[in-house]
Structures are given as C-alpha cells and as structure tokens.
1. When you look at F138, is it touching a helix residue (DSSP H, G or I) at 6+ places or on another chain (Cβ under 6 Å), closer than 24 Å to T3 by Cα and in contact (Cβ under 8 Å) with a residue 40 or more places away in the chain, yes or no?
2. Does L36 count as within 23 Å of D130 (Cα to Cα), crowded, with 17+ Cβ neighbours inside 10 Å and of a type outside the set (G, A, S)?
3. Kindly list, by first and then second residue, each pair from a residue in the range 112-126 that is more than 16 Å from T165 (Cα to Cα) to a residue that is of a type in the set (A, V, I, L, M, F, W, C) and assigned to a strand (DSSP E or B), limited to pairs with Cβ atoms under 8 Å and residues at least 6 apart or on different chains.
4. Please go through the range 151-181 and give me each residue that is out of contact with any strand residue (DSSP E or B) (no Cβ under 6 Å at 6 or more places or on another chain) and basic (K, R), ordered by number.
5. Residue pairs, Cβ under 9 Å, 6 or more apart or interchain, first in the range 35-54 and closer than 14 Å to G71 by Cβ and in contact (Cβ under 8 Å) with a residue 12 or more places away in the chain, second part of a strand (DSSP E or B) and among the small types (G, A, S). List them.
6. Could you tell me how many of the residues in the range 39-60 are over 13 Å from the mean Cα position of the chain (by Cα) and more than 17 Å from N9 (Cβ to Cβ)?
7. For Q42, which of the numbered conditions (1) surrounded by fewer than 17 Cβ atoms within 10 Å (Cβ to Cβ); (2) in contact with a helix residue (DSSP H, G or I) (Cβ under 8 Å, 6 or more places away or on another chain); (3) under 18 Å from F170 (Cα atoms); (4) polar (S, T, N, Q) fails to hold?
Amino acid sequence: MRTADITRNTQETRVRVAINLDGTGRQSINTGVPFLDHMLDQIARHGLIDLDIHCDGDTHIDDHHSVEDVGITLGQAFAAAVGNKAGMRRYGHAYVPLDEALSRVVIDFSGRPGLFYDVPYTRSHIGRFDVDLAREFFQGFANHALATLHIDNLKGENAHHQCETVFKAFGRALRMAVELDPRSEGVIPSTKGVL
C-alpha cells in the first residue's frame, strides 16, 4: 500500500495529512475552512485516494495560511507516498464539466515543480472563500509534490462551478498519474532512470 502520514507544524498552522494512493475515496477532512473541505472531498472521491486531513490554523486572521499549508502538507504526503515512482504512470489529465463550467488539469510527477494556472473567476469570493486561495493551495501542492501542474478553466460563469471543476479534474488527473501500470512494474517512467 502506498501511504504517507505527514505532520507539519508552524506558528500559523498545525496540519496532519494521511493518504492512501490505492484507496477507495474514503475521507475525513476538517481544515477549519468549509469550502476547502468540500473541494478536498472532490479530490478524494474522484481520485479514489483516501484522505485524512486535519488543520488547526489562524483562521481568526484569515484562511490564507490554512489553505496554503494544507496544500504544502498534501504535496509532501504525495511525494512520500509515490516514493521513487517506479511502476506508476507519472502523467495524468482530465477534463471535467459542471453545467456551464469546464476545466482541464494536467499533471506530471516530474520532480520539477511548477504551477501554470489560468482560472478567470467571475467573482472574488465563493461564500467567504477568497478564490485567490485556490491558487495558493495548488502552488503549495506542486512545490512539495515536485510536480508540474497545468490548470485551466476553459469556460464558466459561476465561480463555484469553476472552482469545483478544477478540483474534480485535479482528483481525476491524480488518479491517472499515480495509477500503477502493470506493463511497467518496477520501471521508473523516465529515460533518465530517476525522477
């Protein structure tokens, strides 16, 4: 079983993330940011990745530190769980619609972190959630999972739909990328022999 259990404590947040890449989508999530909890549930369900995430953060200031630090810790957990990446597909992609909204996410567990993010939200907040924080989450993830991540919202009028399609597509892309390929068992998916 490809699992990881990571704790990250700072003066701003205390985050614990446990994952099972070969799970069923089971989740237990409490970040103190309700909309983020809803989006993380999308990752678990659509990625078939078991997620146990808890964050105590300084949300009395705002949600920024909690959202970013959950992204960082989730990225660290993925980096630990995939190990040397032998036998996994490495690349994943997904297009996901939700009514009028359509998003595309492409990921490469390349060992080279990078986020390329184009999501033109139609408003600044979804409830109390600042949409700028979605980018902070994905930046933290990409940097610490050592992944190249392209995220594009291709269409959308409702900001909730835009954001939800991004997270659902991210879950689907993760599912594809971390899946073990029976034809390349034990082989690192790179001509370099290392990722």
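Values in this text are rule-based calculations from the coordinates and carry no lab data. These numbers were taken from a predicted model, which means no experiment stands behind them. Cβ atoms come from the backbone with ideal geometry, glycine included; neighbour counts cover every protein chain shown.
1. On the way: touching a helix residue (DSSP H, G or I) at 6+ places or on another chain (Cβ under 6 Å): no; closer than 24 Å to T3 by Cα: yes; in contact (Cβ under 8 Å) with a residue 40 or more places away in the chain: yes.
No, not satisfied.
2. Numbers: within 23 Å of D130 (Cα to Cα): yes; crowded, with 17+ Cβ neighbours inside 10 Å: yes; of a type outside the set (G, A, S): yes.
Spelling it out, L36 is indeed within 23 Å of D130 (Cα to Cα), crowded, with 17+ Cβ neighbours inside 10 Å and of a type outside the set (G, A, S).
3. G114/L149; L115/L149; L115/I151; F116/L149; F116/I151
4. Answer for the range 151-181, where residues must be out of contact with any strand residue (DSSP E or B) (no Cβ under 6 Å at 6 or more places or on another chain) and basic (K, R): just R175.
5. Pairs that qualify, where the first residue is closer than 14 Å to G71 by Cβ and in contact (Cβ under 8 Å) with a residue 12 or more places away in the chain and the partner is part of a strand (DSSP E or B) and among the small types (G, A, S), are L51/A18; L51/S28; I53/A18; I53/S28.
6. Going residue by residue through the range 39-60, those that are over 13 Å from the mean Cα position of the chain (by Cα) are 52, 54-60.
Of the ones still in play, those that are also more than 17 Å from N9 (Cβ to Cβ) are 60.
The qualifying residues number 1.
7. (1)
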